[in-house]
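Each reported figure results from applying straightforward, stated rules to the coordinates on display, with no laboratory input. Please read these numbers as outputs of a predicted model, since none were measured by experiment. We place every Cβ from the backbone using ideal geometry, glycine too, and count neighbours over all the protein chains shown.
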Amino acid sequence: MPDMLIKFKVADLAALVPLVAFPSGPAIAIHDCATVPAALAALEAGGFQVEAARLVAHALPKREAVWWACMCALHTAPPDLPEPDRTAREAAELWVRQPTDAARRAAMQKAQATDFGTPEVWAAVAAFWSGDSMAPEGQPAVAPAPHLTATAVTSAIGLSAVRGDASRRAARLQRFLESGRNIAAGGPGRLPVEEA
């Protein structure tokens with residue numbers, strides 16, 4: 001399976017490690033790894049699910065990473081998810097399907113209508129940070145730092161993992177990592193809505 005993770009092939013593990021900021025334990029676990037798939041396998045084998053998820057967020061291309069955040073958020077979304085949060089996720093999904101500047105800015109507008117407390121909103125922020133400029137339209141461009149998309153995706157994944165019943169965190173992270181690998185292999189990464 002690692003050879004099939006084609007979306008990770010563009011990611012340079014050595015360049016990603018400082019961005020992910022691994023604590024010493026996970027850093028030791030991947031010390032001898034040369035590729036993202038090998039590092040992902042080593043992190044999971046060592047029980048470092050959170051760090052593995054951060055690696056996936058940084059290793060996936062931006063559109064795929066935002067999609068992954070949306071799929072994980074949708075998996076743990078409660079039936080009574082507030083409308084502003086739902087529309088923020090839908091705006092992020094729309095940007096993935098139609099990566100225009102207008103769609104990206106619309107995702108941020110939906111996020112700004114919330115309190116920034118849900119994974120759906122951080123998926124929308126990730127979409128916005130995936131563009132060329134964070135400045136208002138018509139103003140000189142202010143490029144987002146390259147790692148910001150992955151930072152927002154990591155926030156979405158973390159919030160999705162503990163939403164509602166935090167005791168489900170480990171099992172959820174495992175499902176999320178499976179979804180991330182599926183996306184890296186060119187799949188849709190869809191997860192069924194979690195049963196109560």
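Brief remarks on what is shown
- For the chain, a Gaussian network of Cα nodes joined below 10 Å ranks LEU159, LEU173, LEU81 by mean-square fluctuation, and the top entry is LEU81.
- For SER160, SER155, SER133, order by how many other beta-carbon atoms lie within 10 Å, fewest first: SER133, SER155, SER160
- Sorted ascending by nearby beta carbons within 10 Å, beginning with the fewest, ASP32, ASP80 become ASP80, ASP32.
- What the phi angles of segment 150-161 give under the Karplus curve with 6.51, -1.76 and 1.60, with θ = phi - 60°, is a coupling list of 5, 5, 5, 4, 4, 4, 4, 5, x, 5, 5, 5 Hz, glycine and proline written as x.
- Across segment 127-141, coupling constants 3J(HN,Hα) worked out from phi with the 6.51/-1.76/1.60 Karplus curve, θ = phi - 60°, read 4, 4, 6, 8, x, 7, 8, 9, 6, x, 4, x, 9, x, 5 Hz, and Gly and Pro carry x.
- Residue among ILE183, ILE28, ILE157 with the largest mean-square fluctuation in a Gaussian network model of the chain, springs linking Cα atoms under 10 Å: ILE28
- Calculated P(r) of the chain - Cα pairs past 20 Å, %: 52 percent
- Centroid-to-centroid separation of segment 137-185 and segment 95-109 [C-alpha atoms, Å]: 17 Å
- Taking a ≥ b ≥ c as the square roots of the eigenvalues of the Cα gyration tensor, segment 61-130 is oblate, since a/c reaches 1.5 or more and a/b is not larger than b/c.
- Ordering LYS7, LYS110 by the number of other Cβ atoms within 10 Å of each residue's own Cβ, fewest first, gives LYS7, LYS110.
- Measuring r between the beta carbons of ILE28 and ARG168 and using R0 = 22 Å, the FRET efficiency lands at 0.20.
- Options GLY164, PRO119, PRO140, ranked by Cα towards positive dipole end of segment 63-165, top entry (Cβ charges): PRO140
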